[in-house]
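Step one of this worksheet: look at the structure below.
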Amino acid sequence: MKIAFIGHHEFGKAALEAFLARGDQVAGVFCAPQEPGAKPDAVRVAAQERDLKVFQFPSLRSEAAEQAMRSLDADLGVMAYVLQFAPQNFVNVPRHGTIQYHPSLLPQHRGPSSIGWPIALGRTHTGLTIFRPTDGLDEGPVILQKTVEIGPDETLGELYFNKLFPQGVAALLEASSMVVSGIHVELPQDETHASYEGWFHEEESRINWHNHVDQIYNLIRACNPAPGAWTLLEGEKVWLYDSRKRPLGRHADMRGRPGQIAAITDTSILVNAHGGQIEVQRLRPDGGKKISAADYARQRGLKPV
């Protein structure tokens, strides 16, 4: 099939390479203009290395973007990790329209941090959706969905790179064949089950040590490897990454208040929370790099209560 590809970053690159490897013709690639000083986008680099036609419009709403899409005479548009809004007069140009990838089970977890929020909320499953893009954010009819399990200790990075990334690329290939062959079904999203969450900013990623240890652990997993869940340790702001949850046994006696350092080991710092402790193995001090929690404790002279 003849593809018009719209995408960015490593996921977009992997999807682009998968369509090419399957033998599809990529008529053109749309990606956002590069910001001054920014790292070259992986999709643009991959496309130019293969002598593909590349378009970098400041906005896909422009008449020039629509005309570029029309010039490709594509069978299908494919949106993989798209950073720009794509209007209907753009996505409806290809003969079979356009499909888009989203890493959640729509209509749940619409929005930009759709991988992290299910972890933060304690969900045991999430998934991915291939859908028709509309002018509403992640609101178009569903073509294909895949469910994946969220392991009890799985981080955002592990969930994405081990499951949602590779399965998402495969799902785009599968859905594209269904659509072009005319064997797909489009199901409207049930708005009664819809949810939207925004970015994990500092306000959302701050740890409240008075919450239950399960909630804190889920938040840390949801922010690892980025942006990191943060707290104050002995007055210094630090972001926590690799951690483990230590629930209290029935007869355990937790010394100190929530948020206080309970113990320091050769490899970690244990911090009190309601119902248990968080064992921090890796962190990043404000303005610094990620280091071992034990090394940080030694450098700062931290002591348990």
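The values are calculated or read from the model by the stated rules, or taken from the named source; none is laboratory data. Please read all numbers here as calculations on a predicted model, not as lab measurements. Methodologically, a virtual Cβ is constructed for each residue, glycine included, from the backbone with ideal geometry; neighbour enumeration extends over all protein chains shown. For the accessible areas, the whole protein counts, side chains as well, though only heavy atoms, and no ligand, DNA or RNA atoms are used. Shrake-Rupley method; radii C 1.70, N 1.55, O 1.52, S 1.80 Å.
Counting only Cβ charges, +1 for Lys and Arg and -1 for Asp and Glu, the dipole size of the chain around its Cα centre is about 840 debye.
Peptide packing: for 114-120, 129-135, the average count of neighbouring Cβ atoms within 10 Å per residue gives the ranking 114-120, 129-135, highest mean first. Report the normalised scattering of the chain as log10 I(q)/I(0) at q = 0.13, 0.16 Å⁻¹, calculated by the Debye formula with identical scatterers on the alpha carbons. Debye intensities relative to I(0), on a log10 scale: -0.92, -1.18.
Ratio of Rg to Rh for the stretch 134-210: 1.05 [Cα atoms; Kirkwood radius as inverse mean 1/r over pairs].
For the chain, the solvent-accessible area of protein heavy atoms averages 47 Å² per residue (probe radius 1.4 Å; ligands and nucleic acids excluded). Contact order for the stretch 221-305, expressed relative to its length and based on alpha carbon pairs under 8 Å spaced 6+ residues apart, stands at 28 percent. For the stretch 121-280, with the dipole built from +1 on Lys and Arg beta-carbon atoms and -1 on Asp and Glu ones, taken about the Cα centre, which of Pro133, Ile143, Thr192 lies farthest toward the positive end? Most positive-ward Cα: Thr192.
The relative contact order of the stretch 102-167 comes to 33 percent, based on Cα pairs under 8 Å that sit 6 or more residues apart.
With contacts taken as Cα pairs under 8 Å at a separation of at least 6 residues, the chain carries a relative contact order of 13 percent. Excluding same-chain neighbours fewer than eight residues apart, the lysines reachable from Lys2 by a Cα-Cα span under 30 Å are Lys13, Lys39, Lys53, Lys146, Lys163.
Scoring 98-111, 59-72 by mean Cβ neighbours within 10 Å over their residues and listing the highest first yields 98-111, 59-72. From its DSSP helices (H runs of at least four residues, each -39,500 (n - 2.57)), the chain gives a residue-normalised ellipticity at 222 nm of -7500 deg cm²/dmol. Extent of the stretch 1-101 along its three principal axes (Cα atoms, max minus min coordinate, largest first): 36, 31, 24 Å. Rounded to the nearest 20, the size of the Cβ-charge dipole of the stretch 95-250 about its Cα centre is 380 debye, with Lys and Arg at +1 and Asp and Glu at -1. Overall size of the stretch 159-305 from C-alpha positions, given as principal axis extents largest first: 66, 34, 27 Å. Across the accessible surface of the chain, with the other protein chains kept in place and a 1.4 Å probe, carbon and sulfur atoms take up 49 percent.
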